[in-house]
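A.B. asks: Starting off with a structure, shown below.
Since every read-out is calculated from the coordinates, none of them should be taken as a lab result. Keep in mind that this is a model prediction, so the values were computed, not measured. With ideal geometry, Cβ positions are generated from the backbone for all residues, glycine too; neighbour counts draw on all protein chains shown.
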Amino acid sequence: MNLNWTDIQRKRLVELDADTVTLARTFDDSDHRNRAFQTLEKERVAAHRRHLDALRSGARRPRLCRLETVLVEALVSHGFVQVSTPVLMSKGLLSRMSITVDHPLWEQVYWVDRDKCLRPMLAPHLYYVVKDLLRLWAKPVRIFEVGPCFRKETEGARHAAEFTMLNLCEFGLPEDQRRQRLEHLAALIMDSAGIHRYRLESETSAVYGTTLDVVAEADGLELGSGAMGPHPIDRAWRITDTWVGIGFGLERLLMTAEGGSHLSRFGRSISYLDGIRLNI
Ligand code: ATP
Ligand code: MG
């Protein structure tokens with residue numbers, strides 16, 4: 001007989017973050033299997049309780065918070081200024097990004113009232129802020145924001161309705177250095193996130209035309225999308241400078257760094273604390 005876990009056992013093991021080898025185990029009979037399940041469950045629960053103890057004692061913070069801190073510190077130490085803009089975004093600012101009814105992203109926007117939505121991206125507010133900073137500061141002007149973004153999505157394992165975006169941008173750099181700079185900034189973020197195997201790929205984007213995506217080598221997951229300007233969208237903000245920018249998803253960075261297969265245990269949650277399922 002070649003028995004695998006029952007559906008209930010498998011579900012529990014997935015919740016307890018069992019690895020793929022464990023999930024693929026087979027048994028000669030149900031007695032052996034059920035005993036193996038009990039032992040494994042006990043071990044996993046004990047490990048998870050130790051993890052919760054570490055959080056309780058202050059020895060660690062949830063990894064999403066830690067990653068945010070690490071990335072903020074890396075960018076600040078490289079001359080980027082952190083900004084913090086509202087989560088509510090006006091319809092007018094979205095339309096300046098060319099996101100209007102006939103745009104693919106339009107259908108994914110959560111509207112709060114007639115002309116306000118939960119931001120699906122950070123770029124419109126960053127454009128808004130940088131147009132003034134370009135007047136006030138010598139170039140290059142480097143800013144970034146990290147915070148929640150919202151999109152109605154259909155595909156689950158790699159998409160969450162609420163996720164954490166990091167968007168960095170640098171304005172006023174020599175035109176012939178843009179590609180090299182994008183590569184350098186992608187490397188800074190990947191290195192800080194502990195991801196060593198990734199590649200850059202040219203993609204077609206609904207907003208920016210061509211983008212330079214940062215993709216995980218192991219499974220082809222898009223971790224970030226980079227773009228460069230001047231770009232036709234800049235006109236709405238009367239910006240004429242050269243720029244480069246990249247938007248990353250923090251949950252996807254974590255999932256890649258830690259080898260997970262579903263975003264749910266890496267994002268904001270009421271069922272998980274730092275990836276630990278609380279029903280243990
Ligand atoms: P995808 O094609 O994978 O849906 P996208 O190209 O629509 O992503 P971008 O608009 O380029 O996404 O957003 C920048 C980054 O934000 C992405 O590279 C990804 O890491 C992250 N991201 C976008 N949408 C989501 C989501 N729904 N859940 C988690 N992360 C997301
Ligand atoms: Mg993209």
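A.B. asks: Rounded if a/c is under 1.5, else prolate if a/b beats b/c, else oblate: with a ≥ b ≥ c from the C-alpha gyration tensor eigenvalues square-rooted, which is segment 1-148?
C.D. replies: Numbers: a/c = 3.73, a/b = 2.06, b/c = 1.81.
It comes out prolate by the Cα gyration axes.
A.B. asks: Follow-up question, since we're still on this one. Can you tell me the FRET efficiency between LYS116 and THR210 if r is taken as the Cβ-Cβ distance and R0 is 45 Å, rounded to the nearest 0.05?
C.D. replies: Working: r = 31 Å, r/R0 = 0.68.
With R0 = 45 Å, the Cβ-Cβ based efficiency is 0.90.
A.B. asks: Pop a pseudo-label 7 angstrom from the Cα along the beta-carbon direction at both GLU107 and HIS159 and give the gap in nm to one decimal.
C.D. replies: The two pseudo-label positions are separated by 0.9 nm.
A.B. asks: For ALA138 and HIS32, calculate 0.36 nm times their separation in residues minus their Cα-Cα distance, and state this gained length in nm to one decimal.
C.D. replies: Details: separation 106, 0.36 × 106 = 38.16 nm, distance 7.01 nm.
Taking 0.36 nm per residue and subtracting the Cα distance, the gain is 31.2 nm.
A.B. asks: Now, a different point. Once label points are set 7 Å from the Cα along Cα→Cβ at both GLN180 and SER95, what is their separation, rounded to one decimal in nm?
C.D. replies: The two pseudo-label positions are separated by 4.2 nm.
A.B. asks: Which length gain, in nm to one decimal place, applies between LEU55 and LYS152 when the Cα-Cα distance is subtracted from 0.36 nm times their residue separation? If you can, show how the numbers build up before the last one.
C.D. replies: Details: separation 97, 0.36 × 97 = 34.92 nm, distance 3.18 nm.
Roughly 31.7 nm would be gained on extension.
A.B. asks: With the cut-off at 18 Å, report for segment 103-145 the share of all Cα pairs above it, as a whole percent.
C.D. replies: On the way: 392 of 903 pairs.
Within segment 103-145, distances greater than 18 Å cover 43 percent of Cα pairs.
A.B. asks: Same structure, new question: Taking 0.36 nm per residue of sequence separation and subtracting the Cα-Cα distance, how much length would be gained by fully extending the chain between ARG235 and VAL81, in nm to one decimal?
C.D. replies: On the way: separation 154, 0.36 × 154 = 55.44 nm, distance 2.35 nm.
Answer, rounded to one decimal: 53.1 nm.
A.B. asks: Okay, moving on. When a/c is below 1.5 the answer is rounded, else prolate if a/b is larger than b/c, else oblate, so apply that to the chain with a ≥ b ≥ c taken from the square roots of the Cα gyration tensor eigenvalues. Intermediate values should be presented prior to the final figure.
C.D. replies: On the way: a/c = 2.26, a/b = 2.07, b/c = 1.09.
Since a/c reaches 1.5 and a/b is larger than b/c, the shape of the chain is classed as prolate.
A.B. asks: Tell me which GluC sites (Glu not before Pro) from segment 139-246 have a DSSP coil assignment and no more than 15 other beta carbons within 10 Å of their own.
C.D. replies: On the way: sites: GLU145, GLU153, GLU155, GLU162, GLU170, GLU175, GLU183, GLU201, GLU203, GLU217, GLU222; in loops: GLU153, GLU155, GLU217.
Counting only loop positions with at most 15 other Cβ atoms within 10 Å, the GluC sites (Glu not before Pro) in segment 139-246 are GLU153, GLU155, GLU217.
A.B. asks: When a/c reaches 1.5 or more, the comparison of a/b and b/c decides; with that in mind, is segment 115-188 rounded, prolate or oblate per its Cα gyration tensor? Don't skip to the end; give the middle numbers.
C.D. replies: Values: a/c = 3.21, a/b = 1.56, b/c = 2.06.
Oblate is the answer for segment 115-188, as a/c is 1.5 or above yet b/c matches or exceeds a/b.
A.B. asks: Order of 69-82, 122-135 by packing, highest average Cβ count within 10 Å first? Before the final figure, lay out each step's value.
C.D. replies: Numbers: 69-82: 14.5, 122-135: 18.6.
Per-residue mean Cβ counts within 10 Å order the peptides as 122-135, 69-82.
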